[in-house]
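One structure is given below, encoded as structure tokens.
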Amino acid sequence: MKVLGISGSLRKASYNSAALRACRELMPQGMTLEIAEIGDIPMFNQDVFDAGMPEPAKRFRAAVSAADGVLIAAPEYNFSVSPVLKNAIDWASRPPNQSWQDKPVAIFSCSQGPLGGARVQYDLRRILGQLWAHVLPRPEVFIGSAPGKFDAQGKITDESTRKFLTDLLAGFGPWITRMQKK
Ligand SMILES: Cc1cc2nc3c(=O)[nH]c(=O)nc-3n(C[C@H](O)[C@H](O)[C@H](O)COP(=O)(O)O)c2cc1C
């Protein structure tokens with residue numbers, strides 16, 4: 001099972017990107033994680049889309065379409081989705097052959113605040129739901145107060161955080177299988 005990882009943060013020291021990289025080692029047997037680059041995708045413009053998609057957008061759409069599932073690590077910006085993540089979602093959402101159709105998705109969020117991105121996840125579910133992506137309902141994973149849970153190299157130091165992510169990934173495999181049967 002090929003999973004595409006997307007981090008909604010472009011920051012070098014991003015906690016979301018660090019947690020996503022950690023997921024590579026936590027993947028259950030038979031599942032692999034490849035992390036997408038979204039920082040080079042230009043801002044969405046329907047005129048540009050119509051004239052011919054820029055290469056990074058084309059590449060991203062193809063990667064989402066080819067993946068068995070998509071794992072999103074979402075920072076919370078002003079109670080909602082970061083612009084770079086929403087932009088990538090939008091590029092992949094335009095017909096024909098929008099990439100999110102029937103795509104199994106799992107999400108988690110990391111925040112420096114105590115709630116761990118409690119609000120962004122519900123906006124993401126709303127956005128992806130109307131694109132007919134199928135977001136794993138549970139477990140919900142919110143990594144709050146993130147600076148105390150990673151070392152300076154971005155490795156997870158908090159055992160509960162590692163366990164929450166392990167449980168999320170363990171639930172994602174059967175969810176992918178179940179959604180692919182539909
Ligand atoms: C524009 C902006 C808005 C933010 N809004 C929120 C917010 O609504 N809730 C929250 O918990 N953190 C918020 N933060 C702080 C982020 O949690 C923090 O920057 C976090 O480290 C971002 O994720 P990253 O480490 O993966 O880049 C905001 C940060 C930025 C830059």
Taking neighbour Cβ counts within 10 Å as the exposure measure, how do I72, I35 sort from fewest upward? I35, I72
Given R₀ = 25 Å, what would the calculated FRET efficiency be for S65 paired with R178, taking r from the Cβ atoms and rounding to 0.05? 0.80
Could you check how many percent of all C-alpha pairs in the range 15-67 are farther apart than 16 Å? 55
Starting from the amide H of V141, placed 1.01 Å from N in the peptide plane, find each other amide H under 5 Å away whose residue is 5 or more places distant or on another chain. S109
For each of C110, C23, count neighbouring Cβ atoms within 10 Å of the residue's Cβ, then give the residues from fewest to most. C23, C110
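Give me the orientation-averaged projected area of the Cα convex hull of the chain, in nm², one decimal.
For the chain, the mean projected area of the Cα convex hull comes to 9.8 nm².
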In the structure displayed, which of K103/K149; K2/K103; K12/K149; K103/K163 lie more than 20 Å apart, Cα to Cα? K103/K149; K103/K163
Mind giving me the FRET efficiency for R11 and D167? R0 is 41 Å, r the Cβ-Cβ distance, nearest 0.05 is fine. 0.95
Per-pair calculated FRET efficiency, R0 = 35 Å: A51 and Q112 via Cβ, rounded to 0.05: 0.30
Karplus couplings for the range 165-175 from phi (6.51 cos²θ - 1.76 cosθ + 1.60, θ = phi - 60°), rounded to Hz, Gly and Pro as x? 5, 4, 5, 4, 5, 5, x, 6, x, x, 5
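Coordinate-derived values only; no laboratory data. A quick note: this is a predicted structure, and the numbers were derived from the prediction, not measured. Neighbour counts run over all protein chains shown; Cβ positions are idealised from the backbone, glycine included.
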